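The values are calculated or read from the model by the stated rules, or taken from the named source; none is laboratory data. Predicted model only: the values in this text are computed from it and were never measured. The protein model used for the area step is the full one, side chains on, heavy atoms only, and it has no ligands, DNA or RNA in it. Shrake-Rupley method; radii C 1.70, N 1.55, O 1.52, S 1.80 Å.
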Amino acid sequence: MTMQINAAFDSGNIIVTGIEGDTASLEIRKDAHSDFFQWFHFRVSGAKGRAITLRITNCADSAYPGGWPHYRARYSDDRQDWRCAETSYADGILTITHTPAQDAVWFAYFAPYSMERHLDLVQRITAQPGVALVELGRSLEGQPMDCLEMGTGEKQVWLYARQHPGESMAEWWMEGALDWLTSGDAVAERLRAKATLHIVPNMNPDGSCRGHLRTNAAGVNLNREWATPSAEKSPEVLCVRDAMDGTGVHWAMDVHGDEAIPANFIAGFEGIPNWTDAQGERFHAFRDALTAATPDFQTKLGYPASAPGKANLTMSTNQLANRFAHLGCVSMTLEMPFKDHDPNPDAARAWSPDRCKALAVQCLTVLEGMV
């Protein structure tokens, strides 16, 4: 039986440049209207019980080539459990070797989070007591920009994820957060009493469906649009920022994934023009409390802080902390790895959906203690 490779589905991305026996040469497709690429997701069929070799040959030109060394691709036999495949990287080529146990096996850069699962998540959480679904606007291609609202407290908390659609771990985090917030857990109930939460599980539905790494349907990086979003290029950001202007923001978390750094970490808003020491103290207190709460978080690895007055205000974390500094806004960017959380690794699954969901609960438990 001849090996077949297909990516014509929700979040699929791969180009087949050649198949010879049980070896395939592949390339990752660029985001539309953009040079960004790194996300892949495809199915291999017709190779059950045979040792196959999959060579992705254009990795040296990807958005973050530093993300490939020591990275392990994920595979799944059932599209539920995603494990690490044998993976190596040399001379710009990522090589995956695997012997499929089934007639079809799936490979991805990280465990995918499909738009169908997103819609199921929104529907399930909307049905819970005290939850309201607000459609803030539409994406460029007309998909709803869904915001789940809950809580009765005066503090306004915004959680939003997947500005970069290939960072699917961000929506796994959101699933964990939403399930916990509606579970009846005592700490979750206290948080909902202290705060009103506005939760956007997917900021970039078009890019998610298209199999993009970093951009929307127009090839725009949404996390560089927060200073001047537009209906023409970034309606996704425009509608969310307008809603934030309507509520004010006291706490905000933007959830992402990082290709190169093998750890979970938080980036802050150092360098904003409207910086106050009170904001900084509360940000550092949150970060330190999260470090103490879970071995799946650390502070040694991360991004360098911006110098005073040099923060990039096109990025959401900086824009929100600066925009709502009069409210004492603490905003932050949570980064999770495509590789593994090396201080606390998992040999079989590396950083995984279950660990994303568990980290969400830890983040919100710490937040409850600080609101």
Q. Non-local amide H neighbours of T99 (under 5 Å, H modeled in plane, Pro and chain starts lacking H): which ones?
A. I52
Q.
Please check: in the Gaussian network model of the chain (C-alpha springs, under 10 Å), which one of S114, S331, S316 has the largest mean-square fluctuation.
A. S114
Q. Do any of K300/K357; K310/K357; K233/K357; K48/K357; K194/K310; K48/K339 go past 29 Å between their Cα atoms, and which?
A. K310/K357; K233/K357; K48/K357; K194/K310
(Q) Can you work out the Karplus-derived ³J(HN,Hα) for every residue in segment 50-58? Use 6.51 cos²θ - 1.76 cosθ + 1.60 with θ = phi - 60°, whole Hz, and x for glycine or proline. (A) 10, 6, 10, 10, 10, 10, 8, 9, 10
(Q) If you count only protein heavy atoms and use a 1.4 Å probe, how large is the accessible surface of T97, to the nearest 10 Å²? (A) 50 Å²
Q: Give the accessible area for T299 in Å² (nearest 10); use a 1.4 Å probe, count only protein heavy atoms, and leave out ligands, DNA and RNA.
A: 80 Å²
Q) With all protein chains present, how much of the accessible area of segment 242-371 (probe radius 1.4 Å) comes from carbon and sulfur, to the nearest whole percent? A) 54 percent
(Q) Compute the distance from the alpha-carbon center of segment 81-96 to that of segment 311-352, in whole Å. (A) 26 Å
Q) Tell me, what is the per residue accessible area of segment 201-255 in Å², probe radius 1.4 Å? A) 25 Å²
Q. Using θ = phi - 60° and the Karplus form 6.51 cos²θ - 1.76 cosθ + 1.60, what ³J(HN,Hα) does each residue of segment 345-352 get, whole Hz, x for Gly and Pro?
A. x, 10, 5, 7, 10, 6, 6, 9
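Carbon and sulfur together cover what percent of the accessible area of segment 14-93 at a 1.4 Å probe radius? Mind dumping the intermediate values first?
Details: 1660 of 3830 Å².
Solvent-exposed carbon and sulfur of segment 14-93 make up 43 percent of the total.
Taking only protein heavy atoms and a 1.4 Å probe, what accessible area per residue, in Å², does segment 314-371 have with all protein chains in place? Don't jump to the answer; show the numbers that get you there.
Values: 1750 Å² over 58 residues.
Result: 30 Å² per residue.
Specify whether the C-alpha gyration tensor of segment 90-243 places it in the rounded, prolate or oblate class, a ≥ b ≥ c being the square roots of the eigenvalues: rounded for a/c under 1.5, otherwise prolate if a/b is larger than b/c and oblate if not. Please list the in-between numbers first.
On the way: a/c = 2.25, a/b = 1.35, b/c = 1.67.
Because a/c hits 1.5 or more and a/b fails to exceed b/c, segment 90-243 counts as oblate.
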Q) What angle, in degrees between 0 and 90 and rounded to the nearest 10, separates the Cα long axis of helix 169-181 from the longest principal axis of the Cα atoms of the chain? A) 50 degrees
Q: Read through the labelled values (i) 40, 30, 18; (ii) 49, 22, 19; (iii) 35, 21, 20 and report the label of the one computed as semi-axes √(5λ) of the Cα gyration tensor in Å from the structure.
A: (iii)
